[in-house]
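Data block below; observations after.
Every number in this text was worked out from the coordinates using simple rules, so none of it is lab data. Because the structure is predicted, anything quoted here is derived from the model rather than measured.
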Amino acid sequence: MSELNAAIDRKSDDKNPSVWEYMIYASLAIVVVIAVSISVFDLFSERSEYFETENVAIETYKSYSQRLNAISEKYAKEMETIEKVN
C-alpha cells in the first residue's frame with residue numbers, strides 16, 4: 001500500500017510544475033511581452049513619422065498650388081489687357 005501511495009505521490013509531483021518551472025515560464029512570458037511591446041511602439045513611431053511627412057508634403061503642395069494659381073491669374077489678366085490693346 002505504501003508503494004502505491006509513493007507511486008501516486010510521484011505522479012502527482014510530475015503533474016505539478018515546480019517553482020523553477022513557474023519562474024522560467026514567467027520569465028519567458030515577460031520577455032515575449034517586452035519584445036512585442038517594443039515592436040508595436042516602433043511600428044507606431046514609424047507610422048506617426050510617415051503621417052507627419054505626408055502632412056508636410058500636403059501643406060507644401062497647397063502652398064505651391066496657391067502660388068501657381070496666383071501667377072496664372074496674374075498672367076491671364078495681362079494677356080486679356082494685351083489682347084484688348086491689339
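What the table below lists for this structure:
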| quantity | calculated |
| --- | --- |
| Chain lengthening between Glu78 and Ala35 when straightened (0.36 nm per residue, less Cα-Cα) | 9.0 nm |
| Projected area averaged over orientations for region 23-86, convex hull of C-alpha atoms, nm² | 4.3 nm² |
